[in-house]
Structures are given as C-alpha cells and as structure tokens.
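Report on one structure; see the data block that follows.
The values are calculated or read from the model by the stated rules, or taken from the named source; none is laboratory data. No experiment lies behind these values; they were computed from the predicted model shown. Cβ coordinates were reconstructed from backbone atoms using ideal geometry, including for glycine residues, and neighbour counts include every protein chain displayed.
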Amino acid sequence: MIALTSATGKLGSAVLNAILDNKFVEPKELVVCTSSNPNDARFDALRAKEVTIRYNNFDEPESLEKAFAGCDKLFLVSTPRIAMDYNDAPLWKGREAHHRAAIDAAVKVGVKHIYYTSLAFGNPSKAGVMRAHIRTEQYLDELAKSKGAQFTVLREGLYNESWPLYFGYFFGLREDGRNEVVVAGDGPISWTAISDMAFATAKIVSAPSEEWAGKMVYLSQNRTWTLEDIARMVSRMLSRDVGLKVLSRKEHEDFYVNEKQMERPAVEWWSTTYDAVKEGECAIKDDTLENILKASGKTPKSLDATIKEMLAA
C-alpha cells in the first residue's frame, strides 16, 4: 500500500489523480492522509473507489504512525508551513521538523520506501526555501546508512503555475495594474507544469522500489525561461507594457516591506530565492521527466501556454 500526504494540495492531488486516472495502482492500495476530517463529504468520491482515508497531523506523531500503518511506501510532500523557516531557523526548528516526524513515524511502523518531494534548486543552494529540503534530504541519507531505509528524492521543478509568485509576489493578472514588477534578480528557470510533474511522479512512486531507490532526480523540463521573458509574455498577452526592475536584495526587501507593507521575515526568507536564480540553480539539465513523458507519448507543457491560460481565466 502507498500512503500519500498532502493529497488535497496542488501537487499531492495531481499525483493522486495521475495514479488513479492512469490506473498505475489499484485504488484499494492507496491511503490518502489528510489533516482534515477523514469523514468529510469531499472524500466520498475517493471512498467510493475504495481509497482509504486516514487522519494525519505533523504535530501529532501518533496520528502519523496510525496513518502510515500497513503501508509499504510513503509519498511525503513537504509541509506548507513556511513560517517555520523564517529568521534562519536552526536545525529541527524549520519545516524539516515536520518532515522528520513523518519519516520517523514511517520507519517505526515498517514503511520500506519513502519518496520525498524536494525542490529543483542547486545543492548547496543560496535559496532559503531550500534549507528545510536539504536538511531533510541529509536526514534521509543518514537513515539509509544507519538503518537501511530506502528513499527517493524527487526535486520537483518550479511550477509553471507559480510564475506570479516569482514575478513580483503574486502578480495579480488582469486585476493587477502594475506596469513595473520589482525583483531581486533574474536568470534561467526550468518552469514545469504541475500536470507533467505529477504524471512523472506518479510513475516513479508506482514503479517497483528497486527502480528508483537511493536516487535523487530532478523532475523539470530542460527548456528555460527568465523573468524578463515572462515580462514580455505578460505584456503581449495583456496588450500593455509590464517591465521588470531588478534591484539589489536589500533594496528589494526594503521595497516590499516599506512600500507594500509585507512582513520582513517573510520577505527576507523569499528574497534569497533570487540569489539562486541569478546563479543558474534553476536551469535544470536532467532528462528524467522528459523521458518519462516521451515514453507515454507526452511532451512538456510550455510556460507561455500556462501563462496564456491563467491570464485568460
């Protein structure tokens, strides 16, 4: 059986749907773990397919053990509680604390293979968003050496659908009147559609463990676009000029704190992302995703297609 965390989130739900839609695994072999009420009506459709729904909460170790009990595999999506990482959180005080709780619970109840969703940045990375991921990856490696635990690290690409976040903190599409977007750096990014990542992830998680055990793979397409490219796309699609202004990291932080009234810890944590982008950390050269898609007659969705759909909506 496969336990899936965050199965109602963007990536988690897409992976679950990819498994079900493509019949990679029998539904009765899936355990959807949720921090919501498992008896909620929104899970009725899954229950009708014989998918098991169980409660889990990263802050409640016993709930994690109960959720993962009887499962051979765990698909672990990183926790979304990013505030845990603010202010240069020391080891085991950031989001990695939640990841470790889930990993320890899985090992305790006999889960044999853990698939962890990291991010497609470099290693080491200048991005603060990667700190908890890298710590988690290191912990998995230590467990593999000390206890023989099997794991696979899936460094998921930067979502096509997340371009508004990188493009000036949630550029507001049609209702956004900005003619200039302020960022702290630019560089090539291997933007990748959630649907493409989900399909490749579902294939990997569903495959025999020996095919992917002990590996770290990047699930990104190899084509890249910069934020400047996005500015041109948005300008063309909105029929008005939207420029990109690159400031120093300090100027960028002060701008969003003072001019946009954003919380400084959040801005400081996020601004380091642009240091990584400038260094080319997000220009991925790994054929894993494209090969998986190609084998199924698929091609990666381009960023401009996603932007066009989002602007039209």
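A few comments on the model shown:
- Of all residues in the stretch 175-184, none are surrounded by fewer than 18 Cβ atoms within 10 Å (Cβ to Cβ) and closer than 26 Å to residue 15 by Cβ.
- Filtered residues of the stretch 171-228 (kept if closer than 17 Å to residue 303 by Cβ and at pLDDT below 95): 171, 173
- Of 97, 101, 3, 69, all but one fail to be more than 23 Å from the chain's Cα centre (by Cα), closer than 26 Å to residue 149 by Cβ and surrounded by 14 or more Cβ atoms within 10 Å (Cβ to Cβ); the exception is 69.
- Extreme residue, surrounded by the most Cβ atoms within 10 Å (Cβ to Cβ), among residues of the stretch 295-313 that are touching an Asp or Glu at 6+ places or on another chain (Cβ under 7 Å) and under 16 Å from residue 222 (Cα atoms): 300
- Selected residue (only one of 307, 292, 284 is touching a residue at least 24 places away in the same chain (Cβ under 8 Å), farther than 20 Å from residue 181 by Cβ, part of a helix (DSSP H, G or I) and of a type in the set (Val, Ile, Thr)): 292
- Every condition in (1) farther than 30 Å from residue 111 by Cβ; (2) part of a helix (DSSP H, G or I); (3) among the small types (Gly, Ala, Ser) is met by residue 200 except one, and the failing one is (1).
- Pairs with Cβ under 9 Å, 6+ apart, first in the stretch 52-66 and free of Cβ contacts under 8 Å to residues at least 24 places away in the same chain, second among the β-branched types (Val, Ile, Thr) and surrounded by fewer than 20 Cβ atoms within 10 Å (Cβ to Cβ): 66/109
- Restricting attention to the stretch 217-260 and to residues that are small (Gly, Ala, Ser) and surrounded by fewer than 17 Cβ atoms within 10 Å (Cβ to Cβ), the residue that is nearest to residue 185 (Cα to Cα) turns out to be 248.
- Note on the stretch 140-166: residues that are part of a loop (DSSP other than H, G, I, E, B) and modelled with pLDDT under 95 amount to 2.
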